[in-house]
Every structure is written in structure tokens, then in C-alpha cells.
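*Asks:* The structure's right below; bear with me while I get my questions together.
The values are calculated or read from the model by the stated rules, or taken from the named source; none is laboratory data. Bear in mind the structure is a predicted one, so any value in this text is a computation, not a measurement. Note that each Cβ is placed from the backbone with ideal geometry, even for glycine, and that neighbours are counted across all protein chains shown.
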Amino acid sequence: NLDGLCNVWYNATTNPDFYTLQAKVAQRLYEIPSHNYGSSLGVQYSLTYAVLYDTAIDNGLSGTANSLSDLILKTNNSFKKSATSDSGSTLKINGLKIDEMIWLKKFLSFRLAANGYGDQAHVNTYLYIIDSGEYNWNPSVKILDPSGKTKTIDCKAIL
């Protein structure tokens, strides 16, 4: 019997305590662990942290094929020699020097292979941001929407 479900749902979603609890759960389950993965890699840029966080939510943190930890391992193991570029951040992966944006592009290719076409819009947006050189997000960032059109996300009001 679902009588009253709509009222319960409305009351829960308009309750500030609900949002506070939801944010704490997301932080505990995804944000902190994905940030820890990034820190252990030596990540410097907010874009990479955002991709890791997004991947943790979409794919889970660990324990399954194509989880965040699995994709990190696949990415790291794919490098057989150093790969440098000019992003300004170099990761030390298996004794090699890997430019952070080269690593991130490789990670995104593994993520896309794991998740398939449904993940294409996410990956395209991240690649667009990489190509734009906006590795550390300022109060605004240009992205691609799912249709491939450029949009600006402006977070000045909440920063």
C-alpha cells in the first residue's frame, strides 16, 4: 500500500535535514574515497578529482570489474614508458612520469570502454574541458551538453 507516499516524499525532499544527510552520505561514500584515490596518485587538478568522483558514483569504488579502483589499475598498467606533456602536473605511476592530462585521457578511454555509449556525453564533456585547458575550475567552466553544444556553468553565486 503506497497511500501517502507522495506526502512523505514531498516532506522528505523539502526538509533541510534530508539534504544535509544526503550530502554527508555522498561525501562519506564517494567524495572522500575518490579524493583519497586521487591524492595517492598525486593528482593536482580539480578536473581529475571531478572525474574520479563521477566515476565512483557511476561505477562504484571497488570490488567489481570497471569500478573506480579497477579503472585506475587498468590505466596505470597501460603505461609502459613515461609520457610527458605540458599540463604542469606529472604523476608517478609504476616508476614512470606520466602527465596528468595524458593519464586522465587514458582513464576516460577505459571508462568509456567499460560503460559504453551511455557514457559518451560525460566523456566528451571531460575531453572538451581537457582540450580547453581548464584543469582547475574557476567560478565558471565551459562544458558540452549532451547534444554537443557548449554551455557555461557559473558557480559564482555559491562560491
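*Asks:* Going through segment 106-133 one residue at a time, which ones are out of contact with any Leu (no Cβ under 7 Å at 6 or more places or on another chain) and under 17 Å from SER85 (Cα atoms)?
*Replies:* LYS106, ASP131, SER132, GLY133
*Asks:* Also, quick follow-up: Could you check ASN66 against (1) over 28 Å from THR150 (Cα atoms); (2) free of Cβ contacts under 8 Å to residues at least 24 places away in the same chain and say which number it fails?
*Replies:* So ASN66 meets the others, but not (2).
*Asks:* Run THR64 past the list (1) part of a helix (DSSP H, G or I); (2) out of contact with any Pro (no Cβ under 9 Å at 6 or more places or on another chain) and report the number of the one that doesn't hold.
*Replies:* If we test THR64 against (1) part of a helix (DSSP H, G or I); (2) out of contact with any Pro (no Cβ under 9 Å at 6 or more places or on another chain), just (1) comes out false.
*Asks:* Could you please find all residues in segment 75-133 being in contact (Cβ under 8 Å) with a residue 24 or more places away in the chain, among the aliphatic types (A, V, I, L, M) and in a helix (DSSP H, G or I)?
*Replies:* Within segment 75-133, MET101, LEU104, LEU108, ALA114, ALA121, ILE129, ILE130 meet the criteria.
*Asks:* Within the group ASP3, ASP17, ASP54, which residue is in a helix (DSSP H, G or I), without any contact (Cβ under 8 Å) to a residue 40 or more places away in the chain and of a type in the set (Asp, Glu)?
*Replies:* Working: ASP3 fails: in a helix (DSSP H, G or I); ASP54 fails: without any contact (Cβ under 8 Å) to a residue 40 or more places away in the chain.
Testing whether each residue is in a helix (DSSP H, G or I), without any contact (Cβ under 8 Å) to a residue 40 or more places away in the chain and of a type in the set (Asp, Glu) leaves just ASP17.
*Asks:* Still on this model: Could you say which residue among ASN15, ASN1 is loosely packed, with under 11 Cβ neighbours inside 10 Å, over 17 Å from MET101 (Cβ atoms) and at pLDDT below 85? Even if it seems obvious, please write down each step before you answer.
*Replies:* Working: ASN15 fails: loosely packed, with under 11 Cβ neighbours inside 10 Å.
Matching residue, one of ASN15, ASN1: ASN1.
*Asks:* Okay, next question. From the list LEU108, LEU127, which one is closer than 23 Å to THR64 by Cβ, under 17 Å from the mean Cα position of the chain (by Cα) and surrounded by 14 or more Cβ atoms within 10 Å (Cβ to Cβ)?
*Replies:* Answer to the selection: LEU108.
*Asks:* Would you be able to say whether some residue in segment 22-43 is part of a helix (DSSP H, G or I), touching a Pro at 6+ places or on another chain (Cβ under 9 Å), within 21 Å of HIS122 (Cα to Cα) and in contact (Cβ under 8 Å) with a residue 24 or more places away in the chain?
*Replies:* Our first condition is that a residue be part of a helix (DSSP H, G or I); within segment 22-43, this holds for 22-41.
Still in the list and also touching a Pro at 6+ places or on another chain (Cβ under 9 Å): none.
So far as segment 22-43 goes, no, none of its residues is part of a helix (DSSP H, G or I), touching a Pro at 6+ places or on another chain (Cβ under 9 Å), within 21 Å of HIS122 (Cα to Cα) and in contact (Cβ under 8 Å) with a residue 24 or more places away in the chain.
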